[in-house]
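Notes to accompany the following structure.
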2 protein chains.
Amino acid sequence: MNTVKLGQRNTRQREILQQIFAQAPGPLGVKRLLDLAQAEIGKIGIATVYRTVRLLEESKEIRPVTLPDGEIQWESSDRGHHHHFVCRACTTVTDFAGCPVHVHTDSLPQGFCVESHELTLVGLCSKCSAPASSKAPARKGKR
Amino acid sequence: MNTVKLGQRNTRQREILQQIFAQAPGPLGVKRLLDLAQAEIGKIGIATVYRTVRLLEESKEIRPVTLPDGEIQWESSDRGHHHHFVCRACTTVTDFAGCPVHVHTDSLPQGFCVESHELTLVGLCSKCSAPASSKAPARKGKR
DNA sequence: TTCATTGCAAAGTTTTTGCATCTTT
DNA sequence: AAAGATGCAAAAACTTTGCAATGAA
(Lines give C-alpha, C1' and ligand atoms only; values in the text may rest on other atoms or scores of the structure.)
Protein backbone atom coordinates (compact mmCIF):
# COMPACT_ATOMS: atom_id res chain seq x y z
CA MET A 1 0.00 0.00 0.00
CA ASN A 2 3.02 2.27 -0.44
CA THR A 3 4.65 3.86 -3.44
CA VAL A 4 1.24 4.86 -4.67
CA LYS A 5 1.07 6.87 -7.85
CA LEU A 6 0.11 10.42 -7.07
CA GLY A 7 1.41 13.52 -8.65
CA GLN A 8 3.94 12.43 -11.29
CA ARG A 9 7.37 12.32 -9.74
CA ASN A 10 8.83 10.41 -6.85
CA THR A 11 10.65 12.92 -4.77
CA ARG A 12 12.54 12.44 -1.57
CA GLN A 13 10.18 14.76 0.30
CA ARG A 14 7.14 12.85 -0.86
CA GLU A 15 8.62 9.51 0.11
CA ILE A 16 9.55 10.72 3.55
CA LEU A 17 6.07 11.99 4.24
CA GLN A 18 4.48 8.79 3.01
CA GLN A 19 6.79 6.82 5.23
CA ILE A 20 5.96 8.99 8.21
CA PHE A 21 2.26 8.35 7.73
CA ALA A 22 2.84 4.65 7.28
CA GLN A 23 4.63 4.42 10.61
CA ALA A 24 2.54 6.89 12.60
CA PRO A 25 0.57 5.49 15.53
CA GLY A 26 -2.10 8.15 15.14
CA PRO A 27 -3.06 11.29 13.22
CA LEU A 28 -0.49 14.01 12.60
CA GLY A 29 -0.80 17.74 12.11
CA VAL A 30 1.16 20.07 9.87
CA LYS A 31 3.74 21.15 12.42
CA ARG A 32 4.39 17.61 13.55
CA LEU A 33 4.82 16.49 9.97
CA LEU A 34 7.26 19.26 9.27
CA ASP A 35 9.31 18.42 12.35
CA LEU A 36 9.39 14.71 11.62
CA ALA A 37 10.23 15.27 7.98
CA GLN A 38 12.98 17.74 8.75
CA ALA A 39 14.53 15.23 11.10
CA GLU A 40 14.88 12.82 8.17
CA ILE A 41 15.76 15.22 5.45
CA GLY A 42 17.40 18.57 5.91
CA LYS A 43 15.53 20.59 3.40
CA ILE A 44 11.78 20.62 3.29
CA GLY A 45 9.53 23.63 3.50
CA ILE A 46 6.14 24.01 5.08
CA ALA A 47 4.63 24.71 1.68
CA THR A 48 5.70 21.28 0.49
CA VAL A 49 4.09 19.69 3.51
CA TYR A 50 0.80 21.42 2.77
CA ARG A 51 1.00 20.55 -0.91
CA THR A 52 1.90 16.94 -0.28
CA VAL A 53 -0.79 16.46 2.31
CA ARG A 54 -3.35 17.75 -0.15
CA LEU A 55 -2.02 15.35 -2.78
CA LEU A 56 -2.09 12.41 -0.42
CA GLU A 57 -5.58 13.30 0.69
CA GLU A 58 -6.82 13.63 -2.87
CA SER A 59 -5.35 10.28 -3.79
CA LYS A 60 -7.06 8.83 -0.72
CA GLU A 61 -3.79 7.64 0.77
CA ILE A 62 -4.51 9.62 3.92
CA ARG A 63 -7.68 11.04 5.38
CA PRO A 64 -8.36 14.10 7.51
CA VAL A 65 -9.25 13.96 11.17
CA THR A 66 -10.77 17.02 12.80
CA LEU A 67 -10.09 17.55 16.47
CA PRO A 68 -12.56 19.25 18.82
CA ASP A 69 -10.54 22.45 18.80
CA GLY A 70 -10.74 22.66 15.03
CA GLU A 71 -7.26 21.48 14.21
CA ILE A 72 -7.08 19.12 11.27
CA GLN A 73 -4.65 16.25 11.25
CA TRP A 74 -4.24 13.32 8.86
CA GLU A 75 -3.74 9.62 9.17
CA SER A 76 -3.11 6.74 6.79
CA SER A 77 -6.29 5.48 5.15
CA ASP A 78 -5.40 1.87 5.61
CA ARG A 79 -6.62 1.66 9.14
CA GLY A 80 -10.11 0.29 9.37
CA HIS A 81 -13.09 2.27 10.53
CA HIS A 82 -12.26 3.68 13.90
CA HIS A 83 -12.57 6.81 16.00
CA HIS A 84 -10.44 8.99 18.21
CA PHE A 85 -9.99 9.76 21.82
CA VAL A 86 -8.54 13.16 22.64
CA CYS A 87 -7.05 13.79 26.04
CA ARG A 88 -8.13 17.20 27.25
CA ALA A 89 -5.02 17.51 29.37
CA CYS A 90 -2.17 16.53 27.08
CA THR A 91 -4.11 16.83 23.78
CA THR A 92 -2.76 13.49 22.60
CA VAL A 93 -4.94 11.69 20.08
CA THR A 94 -5.38 7.96 20.50
CA ASP A 95 -6.98 5.58 18.05
CA PHE A 96 -10.02 3.86 19.39
CA ALA A 97 -10.97 0.54 17.81
CA GLY A 98 -14.65 -0.05 18.53
CA CYS A 99 -17.46 1.87 16.93
CA PRO A 100 -20.17 2.64 19.49
CA VAL A 101 -22.35 4.40 16.95
CA HIS A 102 -25.65 2.96 15.80
CA VAL A 103 -27.46 5.46 13.70
CA HIS A 104 -31.20 5.23 13.98
CA THR A 105 -32.13 6.74 10.68
CA ASP A 106 -35.62 7.21 12.02
CA SER A 107 -34.46 9.85 14.45
CA LEU A 108 -33.43 12.08 11.57
CA PRO A 109 -35.79 14.36 9.67
CA GLN A 110 -37.35 12.89 6.54
CA GLY A 111 -35.14 12.73 3.49
CA PHE A 112 -31.81 12.98 5.23
CA CYS A 113 -29.20 10.55 4.06
CA VAL A 114 -26.30 9.67 6.33
CA GLU A 115 -23.14 8.73 4.49
CA SER A 116 -20.56 8.79 7.22
CA HIS A 117 -20.00 9.83 10.78
CA GLU A 118 -17.22 11.17 12.90
CA LEU A 119 -17.00 10.49 16.60
CA THR A 120 -14.52 11.90 19.05
CA LEU A 121 -14.33 10.92 22.66
CA VAL A 122 -12.89 13.48 25.02
CA GLY A 123 -11.56 12.83 28.48
CA LEU A 124 -8.34 11.93 30.21
CA CYS A 125 -5.88 9.40 28.89
CA SER A 126 -4.34 6.82 31.18
CA LYS A 127 -1.36 9.03 31.89
CA CYS A 128 -3.30 12.15 32.71
CA SER A 129 -6.01 10.42 34.73
CA ALA A 130 -3.43 8.90 37.02
CA PRO A 131 -4.06 10.45 40.47
CA ALA A 132 -0.37 11.09 41.01
CA SER A 133 0.57 13.63 38.36
CA SER A 134 -2.13 16.17 37.66
CA LYS A 135 -0.54 18.47 35.18
CA ALA A 136 -2.38 21.58 34.11
CA PRO A 137 -4.26 21.30 30.82
CA ALA A 138 -2.45 23.27 28.14
CA ARG A 139 -3.75 24.77 24.91
CA LYS A 140 -1.61 24.68 21.88
CA GLY A 141 -1.27 27.85 19.78
CA LYS A 142 -4.56 27.91 17.94
CA ARG A 143 -7.74 29.44 19.28
CA MET B 1 -32.55 32.34 30.38
CA ASN B 2 -31.64 35.73 28.89
CA THR B 3 -30.04 38.82 30.29
CA VAL B 4 -27.40 36.68 31.90
CA LYS B 5 -24.67 38.48 33.76
CA LEU B 6 -21.41 38.32 31.88
CA GLY B 7 -18.95 41.06 31.45
CA GLN B 8 -20.25 44.07 33.36
CA ARG B 9 -22.29 46.19 31.03
CA ASN B 10 -25.37 45.51 29.00
CA THR B 11 -24.61 46.82 25.57
CA ARG B 12 -26.75 46.80 22.50
CA GLN B 13 -24.24 44.62 20.63
CA ARG B 14 -24.20 42.06 23.42
CA GLU B 15 -27.97 41.89 23.61
CA ILE B 16 -28.32 41.44 19.89
CA LEU B 17 -25.89 38.55 19.83
CA GLN B 18 -27.55 36.87 22.78
CA GLN B 19 -30.88 37.22 21.07
CA ILE B 20 -29.49 35.78 17.85
CA PHE B 21 -28.26 32.71 19.69
CA ALA B 22 -31.55 32.34 21.52
CA GLN B 23 -33.47 32.24 18.26
CA ALA B 24 -31.00 30.30 16.13
CA PRO B 25 -32.15 26.88 14.88
CA GLY B 26 -28.59 25.59 14.87
CA PRO B 27 -24.97 26.56 15.42
CA LEU B 28 -23.61 29.78 13.94
CA GLY B 29 -20.16 30.82 12.81
CA VAL B 30 -18.43 34.16 13.07
CA LYS B 31 -19.38 35.46 9.64
CA ARG B 32 -22.98 34.47 10.04
CA LEU B 33 -23.13 36.15 13.42
CA LEU B 34 -21.67 39.33 12.01
CA ASP B 35 -24.17 39.38 9.16
CA LEU B 36 -27.15 38.73 11.38
CA ALA B 37 -26.01 41.28 13.93
CA GLN B 38 -25.36 43.94 11.32
CA ALA B 39 -28.85 43.44 9.98
CA GLU B 40 -30.21 44.38 13.40
CA ILE B 41 -27.81 47.06 14.36
CA GLY B 42 -25.85 49.18 11.95
CA LYS B 43 -22.58 49.36 13.75
CA ILE B 44 -20.86 46.27 15.01
CA GLY B 45 -17.35 45.16 14.22
CA ILE B 46 -15.97 41.68 13.76
CA ALA B 47 -13.74 42.17 16.80
CA THR B 48 -16.78 42.65 18.97
CA VAL B 49 -18.28 39.44 17.65
CA TYR B 50 -15.13 37.52 18.53
CA ARG B 51 -14.91 39.14 21.95
CA THR B 52 -18.56 38.56 22.74
CA VAL B 53 -18.49 34.97 21.62
CA ARG B 54 -15.58 34.32 23.92
CA LEU B 55 -17.46 35.96 26.77
CA LEU B 56 -20.61 33.98 26.12
CA GLU B 57 -18.60 30.79 25.88
CA GLU B 58 -16.77 31.48 29.12
CA SER B 59 -20.02 32.19 30.89
CA LYS B 60 -21.36 28.90 29.48
CA GLU B 61 -24.23 30.63 27.75
CA ILE B 62 -23.12 29.14 24.44
CA ARG B 63 -20.93 26.20 23.56
CA PRO B 64 -18.61 25.52 20.63
CA VAL B 65 -19.38 23.04 17.88
CA THR B 66 -16.59 21.89 15.61
CA LEU B 67 -17.51 20.96 12.07
CA PRO B 68 -15.69 18.27 10.08
CA ASP B 69 -13.84 20.89 8.05
CA GLY B 70 -12.46 22.46 11.21
CA GLU B 71 -14.73 25.45 11.36
CA ILE B 72 -15.97 26.27 14.84
CA GLN B 73 -19.46 27.54 15.39
CA TRP B 74 -21.46 28.14 18.56
CA GLU B 75 -24.93 27.37 19.80
CA SER B 76 -26.98 28.17 22.86
CA SER B 77 -26.18 25.90 25.78
CA ASP B 78 -29.79 25.40 26.72
CA ARG B 79 -30.45 22.71 24.17
CA GLY B 80 -30.17 19.24 25.61
CA HIS B 81 -27.55 16.73 24.63
CA HIS B 82 -27.69 16.34 20.88
CA HIS B 83 -25.50 16.03 17.82
CA HIS B 84 -25.19 17.51 14.37
CA PHE B 85 -25.80 16.55 10.83
CA VAL B 86 -23.76 18.38 8.22
CA CYS B 87 -24.85 18.34 4.62
CA ARG B 88 -21.82 17.84 2.41
CA ALA B 89 -23.52 19.68 -0.42
CA CYS B 90 -24.89 22.85 1.13
CA THR B 91 -22.86 22.71 4.37
CA THR B 92 -25.93 23.44 6.44
CA VAL B 93 -25.81 22.15 10.00
CA THR B 94 -28.92 20.56 11.42
CA ASP B 95 -29.56 19.60 15.00
CA PHE B 96 -30.12 15.93 15.50
CA ALA B 97 -32.05 14.88 18.58
CA GLY B 98 -31.19 11.25 19.27
CA CYS B 99 -27.88 10.08 20.64
CA PRO B 100 -26.81 6.87 18.89
CA VAL B 101 -23.66 6.59 20.92
CA HIS B 102 -23.12 3.86 23.46
CA VAL B 103 -19.58 3.94 24.69
CA HIS B 104 -18.25 0.55 25.61
CA THR B 105 -15.59 1.63 28.02
CA ASP B 106 -14.09 -1.81 27.73
CA SER B 107 -13.00 -1.12 24.18
CA LEU B 108 -10.73 1.65 25.36
CA PRO B 109 -7.21 1.10 26.69
CA GLN B 110 -6.90 0.73 30.45
CA GLY B 111 -7.09 3.90 32.47
CA PHE B 112 -8.82 6.06 29.91
CA CYS B 113 -11.68 8.13 31.21
CA VAL B 114 -14.33 9.38 28.81
CA GLU B 115 -15.95 12.61 29.87
CA SER B 116 -17.80 13.63 26.76
CA HIS B 117 -18.19 12.85 23.12
CA GLU B 118 -18.85 14.66 19.91
CA LEU B 119 -20.61 13.04 17.01
CA THR B 120 -21.21 14.47 13.59
CA LEU B 121 -23.18 12.78 10.89
CA VAL B 122 -22.31 13.69 7.33
CA GLY B 123 -24.43 13.15 4.29
CA LEU B 124 -27.09 14.90 2.26
CA CYS B 125 -29.92 16.86 3.78
CA SER B 126 -33.45 16.47 2.49
CA LYS B 127 -33.06 19.35 0.08
CA CYS B 128 -29.78 18.21 -1.42
CA SER B 129 -30.68 14.53 -1.63
CA ALA B 130 -33.76 15.35 -3.67
CA PRO B 131 -33.11 13.81 -7.12
CA ALA B 132 -34.30 16.95 -8.89
CA SER B 133 -31.81 19.65 -7.96
CA SER B 134 -28.26 18.40 -7.72
CA LYS B 135 -26.27 21.50 -7.05
CA ALA B 136 -22.53 21.31 -6.97
CA PRO B 137 -21.00 21.05 -3.49
CA ALA B 138 -19.39 24.32 -2.56
CA ARG B 139 -16.57 24.99 -0.12
CA LYS B 140 -16.65 28.08 1.97
CA GLY B 141 -13.48 30.11 2.34
CA LYS B 142 -11.51 28.07 4.81
CA ARG B 143 -9.18 25.21 3.95
C1' DT C 1 -17.48 60.72 36.35
C1' DT C 2 -15.71 56.14 35.95
C1' DC C 3 -14.28 52.45 33.49
C1' DA C 4 -16.10 48.49 30.65
C1' DT C 5 -16.89 48.05 25.79
C1' DT C 6 -16.57 49.26 21.04
C1' DG C 7 -14.67 50.16 16.30
C1' DC C 8 -10.77 50.54 13.68
C1' DA C 9 -6.47 49.52 12.32
C1' DA C 10 -2.25 47.21 13.25
C1' DA C 11 -0.16 42.87 14.47
C1' DG C 12 -0.28 37.82 14.77
C1' DT C 13 -1.17 33.22 12.89
C1' DT C 14 -1.96 29.88 9.65
C1' DT C 15 -2.45 28.45 4.81
C1' DT C 16 -2.01 29.37 -0.08
C1' DT C 17 0.26 31.04 -4.17
C1' DG C 18 3.81 33.05 -7.57
C1' DC C 19 8.13 32.13 -9.38
C1' DA C 20 12.84 31.06 -10.23
C1' DT C 21 15.46 26.96 -9.50
C1' DC C 22 16.17 22.16 -8.93
C1' DT C 23 15.03 17.17 -10.11
C1' DT C 24 12.93 13.30 -11.90
C1' DT C 25 12.01 10.93 -16.02
C1' DA D 1 15.48 18.64 -22.52
C1' DA D 2 10.77 18.86 -20.66
C1' DA D 3 7.85 19.49 -17.10
C1' DG D 4 6.69 18.41 -12.32
C1' DA D 5 8.14 19.61 -7.57
C1' DT D 6 10.50 22.41 -4.25
C1' DG D 7 11.87 26.44 -1.31
C1' DC D 8 11.33 31.03 -0.37
C1' DA D 9 8.96 34.98 0.09
C1' DA D 10 4.80 37.49 -0.81
C1' DA D 11 -0.11 37.29 -0.44
C1' DA D 12 -4.44 35.71 1.63
C1' DA D 13 -7.42 34.52 5.11
C1' DC D 14 -8.63 34.50 9.81
C1' DT D 15 -7.99 36.10 14.84
C1' DT D 16 -6.29 38.79 18.33
C1' DT D 17 -4.72 43.04 20.32
C1' DG D 18 -3.67 48.17 21.20
C1' DC D 19 -5.84 52.38 21.76
C1' DA D 20 -8.64 56.42 21.56
C1' DA D 21 -13.49 57.29 21.65
C1' DT D 22 -18.04 55.88 23.31
C1' DG D 23 -21.62 54.86 26.44
C1' DA D 24 -23.60 52.19 30.56
C1' DA D 25 -24.13 52.65 35.39
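The values are calculated or read from the model by the stated rules, or taken from the named source; none is laboratory data. No experiment lies behind these values; they were computed from the predicted model shown. Glycine gets a Cβ as well: all are built from the backbone with ideal geometry, and neighbour counts include every protein chain shown.
Of these, A:H84, A:H117, which one is in contact (Cβ under 8 Å) with a residue 40 or more places away in the chain, more than 16 Å from DNA strand D (Cβ to nearest atom) and not in a loop (DSSP other than H, G, I, E, B)? Give the derivation first.
Working: A:H117 fails: in contact (Cβ under 8 Å) with a residue 40 or more places away in the chain.
When all the criteria are applied, what remains is A:H84.
Exactly one of these conditions fails for A:K43: (1) within 11 Å of DNA strand C (Cβ to nearest atom); (2) in a helix (DSSP H, G or I); (3) of a type in the set (D, E, K, R). Give me its number.
A:K43 satisfies every listed condition except (2).
Show the residue pairs meeting these rules: Cβ distance below 7 Å; 6+ apart or different chains; first residue within segment B:46-63 and closer than 16 Å to B:R12 by Cβ; second residue in a helix (DSSP H, G or I) and among the charged types (D, E, K, R).
The qualifying pairs are B:T52/B:R14.
Just to check your reading of the model, which residue among A:T52, A:T3, A:T48, A:T66 is within 14 Å of DNA strand C (Cβ to nearest atom), crowded, with 16+ Cβ neighbours inside 10 Å and modelled with pLDDT under 95?
A:T66
What is the number of the single condition among (1) exposed (fewer than 14 other Cβ atoms within 10 Å of the Cβ); (2) away from DNA strand C (no atom under 12 Å from the Cβ); (3) more than 14 Å from chain B (Cβ to nearest Cβ) that A:H81 does not meet?
(3)
Take A:V30 and tell me if it is at pLDDT 85 or above, within 12 Å of the chain's Cα centre (by Cα), of a type in the set (V, I, T) and within 23 Å of B:R88 (Cβ to Cβ).
Working: at pLDDT 85 or above: yes; within 12 Å of the chain's Cα centre (by Cα): yes; of a type in the set (V, I, T): yes; within 23 Å of B:R88 (Cβ to Cβ): no.
The answer is no for A:V30.
Restricting attention to segment B:100-123, report how many residues are within 9 Å of another protein chain (Cβ to nearest Cβ) and farther than 24 Å from B:V30 by Cα.
Taking segment B:100-123 and keeping what is within 9 Å of another protein chain (Cβ to nearest Cβ), we get B:100-104, B:106-123.
Retained after the next criterion (residues that are farther than 24 Å from B:V30 by Cα): B:100-104, B:106-116.
Looking only at that region, the number is 16.
Given (1) within 12 Å of DNA strand D (Cβ to nearest atom); (2) surrounded by fewer than 16 Cβ atoms within 10 Å (Cβ to Cβ), identify the lone condition not met by B:L34.
The number of the failed condition is (2).
Looking at (1) of a type in the set (G, A, S); (2) at pLDDT 85 or above; (3) in contact with a strand residue (DSSP E or B) (Cβ under 8 Å, 6 or more places away or on another chain), can you tell me which one B:G111 breaks?
Result: B:G111 passes all but (3).
Taking interchain pairs and intrachain pairs at least six residues apart, which have beta carbon atoms under 7 angstrom, with the first residue in segment B:14-32 and touching a residue at least 40 places away in the same chain (Cβ under 8 Å) and polar (S, T, N, Q) and the second outside any loop (DSSP other than H, G, I, E, B) and loosely packed, with under 15 Cβ neighbours inside 10 Å?
Matching pairs, first to second residue: none at all.
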